[in-house]
Structure formats: structure tokens, C-alpha cells
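Asker: Before I ask anything, here is the structure I am working with.
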Amino acid sequence: MQKTKIIIINGPNLNLLGKREPEIYGASSFEEFFTKLQNKNPELQLEYYQSNIEGKLVSKIQQAEGQFNGILLNAAAYTHTSVAIHDAIGAITVPVVEIHISNIYKREEFRHKSIISSKCVGMISGLGLRGYQLGLEYFRNK
């Protein structure tokens with residue numbers, strides 16, 4: 001039986017998890033957290049990608065077609081600005097769950113609008129890193 005393949009794609013500044021605003025984002029790096037996710041979900045084949053560059057995120061989303069069963073996408077600041085990421089999600093058939101570590105509705109007003117949500121199957125916001133696990137559970141039970 002083949003494992004369900006999920007890619008986690010993180011956008012700008014998420015490479016600074018564990019250092020950047022730990023009161024919002026926590027004290028652990030994403031790489032440390034990703035190892036825990038892999039250990040907790042051995043029935044899934046997980047891959048992780050992070051970039052601060054919008055075009056690289058668009059390319060990675062496009063490359064998921066035919067390679068992955070799902071995407072957990074934390075587009076970070078590009079959530080609120082990137083028509084290109086919105087269009088890339090719309091151009092593929094791989095389902096995408098939008099993830100936000102912080103509650104975007106409790107932050108600055110410009111963060112209240114997600115440009116990408118209309119192309120995603122759902123959004124998890126404000127539950128910290130646990131949102132990634134919940135996203136994996138969605139794909140596991142799909």
C-alpha cells in the first residue's frame with residue numbers, strides 16, 4: 001500500500017521559527033517540529049519546503065501536480081498579497097489546506113484578508129503549530 005504523500009510548503013520568514021516573535025510562533029524551529037510530525041504520522045510520506053521567494057513557492061506548488069496527494073500551505077505574508085500563489089493553487093488539482101500559526105483575525109487589519117482562501121479546501125488559523133497536524137488529519141481521513 002502506497003503512503004499518502006503530503007508536502008508542507010512554508011513561505012517567507014517561517015525559516016525563523018524559534019527565533020522570530022516566540023510569543024506568537026513558539027520556541028522551536030520548523031525543522032524540529034517537522035521531525036516530530038514525521039514521527040507522529042509514519043503512515044504518511046511527508047516532505048517540507050520553505051522559501052522566502054514568491055516565484056519559488058509558485059513553482060513548488062505547480063510541481064506538486066501528480067507528485068503529492070495534498071499540500072499544507074502556509075504562504076505567510078504572501079497570503080495577503082499574492083495573486084500568483086492564488087493562481088498556482090487554482091491551476092493544479094492537488095487539494096491545498098491553508099495554514100496559519102497565528103490567528104490572522106487577531107492581528108493587523110491587512111492580515112484579515114486571505115487572497116488564497118478561495119482556492120483552498122479549507123483554512124486552519126490560530127492554533128499554533130498544531131494546525132499542521134490537523135491539516136494532516138484532514139488528508140489522512142479524506
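Asker: Using the heavy atoms of the protein chains alone and a 1.4 angstrom probe, what is the accessible area of the chain per residue in square angstrom? Provide the component values of the computation, followed by the final result.
Answerer: On the way: 7300 Å² over 142 residues.
Here the per-residue accessible area is 51 Å².
Asker: Over region 36-142, what is the relative contact order in percent, taking alpha-carbon pairs closer than 8 angstrom and at least six residues apart?
Answerer: Working: 139 pairs, mean separation 26.9, N = 107.
Across region 36-142, relative contact order equals 25 percent.
Asker: Would you calculate, for the chain, the mean residue ellipticity at 222 nm contributed by helices, counting each DSSP H stretch of 4 or more residues as -39,500 (n - 2.57) and dividing by all residues, to the nearest 500? Before the final figure, lay out each step's value.
Answerer: Details: 5 runs with 45 residues, N = 142.
It comes out at -9000 deg cm²/dmol, rounded to the nearest 500.
Asker: With every protein chain kept in the model, how would you rank TYR138, TYR49, TYR132 by accessible area, 1.4 Å probe, largest at the top?
Answerer: Details: TYR138 90, TYR49 55, TYR132 0 Å².
Heavy-atom accessible area, descending, gives TYR138, TYR49, TYR132.
Asker: Along the positive direction of the dipole of the chain (beta-carbon charges: Lys, Arg +1; Asp, Glu -1; about the Cα centre), which of GLN2, TYR49, PRO12 reaches farthest?
Answerer: GLN2
Asker: Might you work out the accessible area of TYR48 for me, using a 1.4 Å probe with all protein chains in place, and round it to the nearest 10 Å²?
Answerer: Accessible surface of TYR48 is approximately 50 Å².
Asker: Here's something else I'd like to know. Under the rule a/c < 1.5 gives rounded, and otherwise a/b versus b/c splits prolate from oblate, where does the chain land using the Cα gyration tensor? Don't skip to the end; give the middle numbers.
Answerer: On the way: a/c = 1.57, a/b = 1.11, b/c = 1.41.
Note, shape of the chain comes out oblate.
Asker: Compute, for the chain, the length of the dipole vector about the Cα centre, with Cβ point charges of +1 (Lys, Arg) and -1 (Asp, Glu) only. Units Debye, rounded to 20.
Answerer: Values: 16 positive and 13 negative charges, 41 e Å.
My answer is approximately 200 debye.
Asker: Taking R0 as 25 Å, what FRET efficiency do you get between ILE53 and THR93 from their Cβ-Cβ distance, rounded to the nearest 0.05?
Answerer: Numbers: r = 24 Å, r/R0 = 0.98.
Efficiency, from the Cβ-Cβ distance: 0.55.
Asker: Along the charge dipole of the chain, which of VAL83, GLY126, LEU37 sits closest to the positive end, that is, farthest toward it, with unit charges on the beta carbon of Lys, Arg, Asp and Glu (+1, +1, -1, -1)?
Answerer: LEU37
Asker: Pick from ASN52, ASN103, ASN39: which residue has the top mean-square fluctuation in a GNM of the chain where Cα pairs under 10 Å get a spring?
Answerer: ASN39
Asker: Calculate what fraction, in whole %, of the accessible area of the chain sits on carbon and sulfur atoms when a 1.4 Å probe is rolled over the protein chains.
Answerer: Working: 3610 of 7300 Å².
Carbon and sulfur: 49 percent of the exposed surface of the chain.
The values are calculated or read from the model by the stated rules, or taken from the named source; none is laboratory data. These figures come from a predicted structure and were not determined experimentally. Note that each Cβ is placed from the backbone with ideal geometry, even for glycine, and that neighbours are counted across all protein chains shown. When the accessible area is computed, the model is the full protein with side chains, heavy atoms only, and any ligands, DNA or RNA have been set aside. Shrake-Rupley method; radii C 1.70, N 1.55, O 1.52, S 1.80 Å.
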